[in-house]
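Novice: Got a structure here, written out as structure tokens. Questions coming.
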Amino acid sequence: MKAFHIYTISLASVLLATTLCVLPLKILAQTPNQKQPAVIINSGSTNTCKYRIHLLPSGKATYTVCNRNGAGEIKLATATKFFNDISSAEPLTKLPYKSCAKSVSFGTKTQVRYQGQISQDISCPSNDLRVTNMYEDSRSIEQELNFSTSKN
């Protein structure tokens, strides 16, 4: 009987230790890499310049628009929401895609690239909130960086 109790205690200790080791790893896996940027890619159109925004979870950003480079910082809350929305949407390559009609002069394509994954165009209206949230985030980020995509 004594051996059974020792076995039970040992097994319980191993299970507890395993849980305590795995839980932080799971949380760590969900935490954005502070040095790995997410990239918002916009194709531009006949009337607007294409752009790329490289955004870190800290809110620091670099961008290229109209072949000009810039840097800025967005609100931490905006960056956090964007990276949380990316995490919720992963894998980005599996997000549902529904094409939409776009103006030849003003229609653009917006994609998000993160950790080797790239989304389809997220600018088309979607019934999937993950797509809608990422697109709204990308628009907020563009507005907070306050750059112009005008070709003039």
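The values are calculated or read from the model by the stated rules, or taken from the named source; none is laboratory data. What you are looking at is a predicted structure, and each value in this text was computed from that prediction instead of being measured. Quick reminder, even Gly has a Cβ in these numbers, built from the backbone with ideal geometry, and neighbours come from all protein chains shown. Only protein heavy atoms, including side chains, enter the accessible area calculation; ligands, DNA and RNA are left aside. Shrake-Rupley method; radii C 1.70, N 1.55, O 1.52, S 1.80 Å.
Novice: Yes or no: segment 132-150 includes at least one residue that is farther than 20 Å from VAL39 by Cα and either in contact (Cβ under 8 Å) with a residue 40 or more places away in the chain or not acidic (Asp, Glu) (or both).
Specialist: There is at least one residue in segment 132-150 that is farther than 20 Å from VAL39 by Cα and either in contact (Cβ under 8 Å) with a residue 40 or more places away in the chain or not acidic (Asp, Glu) (or both).
Novice: If you take the residues of segment 71-86 that are assigned to a helix (DSSP H, G or I) and of a type outside the set (A, V, I, L, M, F, W, C), which of them is nearest to VAL112 (Cα to Cα)?
Specialist: Among those residues, the one meeting the criterion is ASP85.
Novice: Here's another thing I want to ask about it. Out of everything in segment 98-152 that is among the hydroxyl-bearing types (Ser, Thr, Tyr) and touching a Gly at 6+ places or on another chain (Cβ under 8 Å), what residue ends up being nearest to THR46 (Cα to Cα)?
Specialist: THR108
Novice: Another one. Determine which single condition PRO96 fails, assuming it passes every other condition in (1) in contact with a helix residue (DSSP H, G or I) (Cβ under 8 Å, 6 or more places away or on another chain); (2) at pLDDT 95 or above.
Specialist: Checking PRO96 against (1) in contact with a helix residue (DSSP H, G or I) (Cβ under 8 Å, 6 or more places away or on another chain); (2) at pLDDT 95 or above, the one that fails is (2).
Novice: Quick check on segment 80-112: of everything there that is touching a residue at least 60 places away in the same chain (Cβ under 8 Å) and open to solvent by less than 90 Å² (accessible area, probe 1.4 Å), which residue is farthest from ALA38 (Cα to Cα)?
Specialist: SER105
For every residue, the table says whether it meets (1) outside any helix (DSSP H, G or I); (2) buried (at least 17 other Cβ atoms within 10 Å of the Cβ); (3) out of contact with any Leu (no Cβ under 6 Å at 6 or more places or on another chain); (4) β-branched (Val, Ile, Thr).
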site	(1), (2), (3), (4)
PRO125	yes, no, yes, no
ARG130	no, yes, yes, no
ASN133	no, yes, yes, no
GLU136	no, no, yes, no
ARG139	no, no, yes, no
GLU142	no, yes, yes, no
PHE147	yes, yes, yes, no
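Novice: Criterion first (small (Gly, Ala, Ser), open to solvent by 50 Å² or more (accessible area, probe 1.4 Å) and at pLDDT below 90) does ALA71 satisfy it?
Specialist: For ALA71, the condition - small (Gly, Ala, Ser), open to solvent by 50 Å² or more (accessible area, probe 1.4 Å) and at pLDDT below 90 - is not met.
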